[in-house]
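Written below as structure tokens is the structure these notes are about.
The values are calculated or read from the model by the stated rules, or taken from the named source; none is laboratory data. What you are looking at is a predicted structure, and each value in this text was computed from that prediction instead of being measured. When we count neighbours, we look across all protein chains shown, and the Cβ atoms used for this are built from the backbone with ideal geometry, even at glycine. Protein only, heavy atoms only, side chains kept; ligands, DNA and RNA dropped before computing areas. Shrake-Rupley method; radii C 1.70, N 1.55, O 1.52, S 1.80 Å.
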Amino acid sequence: MSAGERDAKAKVTTARLIEMKAAGEPIVMVTAYDYPTAQIAEEAGVDIVLVGDSAANCVLGYESTVPIEMDEMLMLARAVRRGLDRPMLIGDLPFGSYEASNELAVANAQRMVKEAGCDAVKLEGGGQSAERAAAIANSGIPVMGHVGLTPQTATALGGMKAQGKTAEQAVRVAVDAAALEKAGCFSIVFEAIPEAVAELIAHRLTVPTIGIGAGNATDGQVLVMHDLAGLNTGPMAKFVKRFADARGEILSGVEKYAAEVRSGSFPAAEHVYSVEPRELEGLRHRLEEGALDSSYSSDWDSLG
Ligand code: KIV
């Protein structure tokens, strides 16, 4: 077996990501929130699967990522775990699950690992989040950082818009990224940052960087499964590319099903179970003898 074939089968670890960065091999990351999409990510050979808090919008119908709870994230992460083998599985720590104290951050990171089988966790922001990241990393759980547009605190950033477009903002992104690296994060997501800014910052870091709306200078890319597969509707961020039309495919399937039920052409002969004529005759006979009447009456009797 060649080294390439071995790598294609081996589980993705933090060490493997460092090797990929060193070799200039792009890291492919995608979100998943359930068993079938986890299986699809596995089969497609991606390197990292994130159970993102974007599940709040994509599968739970919330308006932002803020309301999703730790228990909801755990339920989704457990389903993804069951569908995944080779890729690294990262559980996103939702808003409110890590900010208040290092103890809270470590306890919830441990839940992601212990209760959902995640290999690592992700949290958003620099500053105090870097301190939380250090506490989690020191407890033995690998942590991924996330800088630039951090949707959990988008209101404080002026909305869901690109970050680092002024020198001052870009310095803040760079400071956050450096603090997360120093805190022990094994990798950092750059979201919605001009490509040239991402390049300047990424080149000053030693850990692998994963971009979403940060151009080509990062060591890998991440997209939300429901965006890339065309399951989400409505306006998309500039950085989203739809690689498939899963919603259109599913919609057309459900429409065809509804039409066939209404026309009576489904179910057809091949979808129907058969029964021996002798058994059917036996049933008819028993019904005529009143089998149903007596069982009904005994049920009524028992109700008094
Ligand atoms: O929740 C999410 O999907 C994310 C990615 C955009 C990185 O955090």
> Which residues does a label at ILE250 reach in the range 37-54, if reach means a backbone N under 15 Å from a point 7 Å past the Cα toward the Cβ?
Replying inline: 37-41
>> Taking the Cα of THR233, stepping 7 Å toward and past its beta carbon, and measuring to each backbone N in the range 52-74: which are under 14 Å?
In response: 61
>> Report, to one decimal in Å, the Kirkwood hydrodynamic radius for the range 122-259 based on all distinct Cα pairs.
In response: 16.1 Å
>> Between ALA156 and GLU25, what is the label-point separation in nm under the 7 Å Cα-to-beta-carbon projection?
In response: 3.8 nm
>> Checking the cross-link filter: which aspartates and glutamates have an alpha carbon closer than 13 Å to that of LYS241, excluding same-chain neighbours under 8 positions apart?
In response: ASP227
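How large, in percent, is the carbon and sulfur part of the accessible surface of the chain at a probe radius of 1.4 Å? Walk me through the intermediate numbers first.
Details: 9320 of 16630 Å².
Answer for the chain is 56 percent, counting heavy atoms of protein chains only.
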> Percent of alpha carbon pairs in the chain separated by more than 23 Å?
Replying inline: 62 percent
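Restricting to DSSP H runs of at least four residues, report the calculated mean residue ellipticity at 222 nm for the chain, -39500 (n - 2.57) per run over all residues, nearest 500 deg cm²/dmol.
Numbers: 13 runs with 141 residues, N = 304.
Rounded to the nearest 500, it is -14000 deg cm²/dmol.
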> If you put +1 on each Lys and Arg Cβ and -1 on each Asp and Glu Cβ, how big is the dipole of the range 3-241 around its Cα centre, in Debye rounded to 20?
Replying inline: 240 debye
> Longest exposed-loop-site-free stretch of the chain, with trypsin sites (Lys or Arg not before Pro), DSSP loop and at most 16 other Cβ within 10 Å?
Replying inline: 12-160
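May I ask you to list the GluC sites (Glu not before Pro) in the range 130-238 that are in a DSSP loop and have at most 13 other Cβ atoms within 10 Å of their Cβ? Please report the intermediate quantities before stating the final value.
Numbers: sites: GLU131, GLU168, GLU181, GLU191, GLU195, GLU199; in loops: none.
Within the range 130-238, no GluC sites (Glu not before Pro) qualify (loop, at most 13 other Cβ atoms within 10 Å).
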> Using a 1.4 angstrom probe and counting only protein chains, how large is the accessible area of PHE95 in Å², to 10?
Replying inline: 90 Å²
>> Could you give each residue of the range 277-282 its phi-based ³J(HN,Hα) in whole Hz, using Karplus coefficients 6.51, -1.76, 1.60 with θ = phi - 60°, and x for Gly or Pro?
In response: x, 4, 5, 5, 5, x
> Taking K and R as +1 and D and E as -1, what net charge do the other residues with C-beta under 15 Å from the C-beta of ALA130 add up to?
Replying inline: -1
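At 1.4 Å probe radius, can you tell me the per residue accessible area of the range 81-184 in Å²?
Details: 4400 Å² over 104 residues.
Heavy-atom accessible area per residue stands at 42 Å².
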> Amide H neighbours of ILE27 under 5 Å, counting only residues 5+ apart in sequence or on other chains, H built in-plane at 1.01 Å?
Replying inline: GLY220, GLN221
>> Residue by residue through the range 90-101, what is 3J(HN,Hα) from phi via Karplus (6.51 cos²θ - 1.76 cosθ + 1.60, θ = phi - 60°)? Round to whole Hz and write x for glycine and proline.
In response: 10, x, 6, 7, x, 3, x, 9, 8, 6, 5, 6
>> Rounded to the nearest 5, what % of DSSP beta bridges with both residues in the range 4-158 are antiparallel?
In response: 0 percent
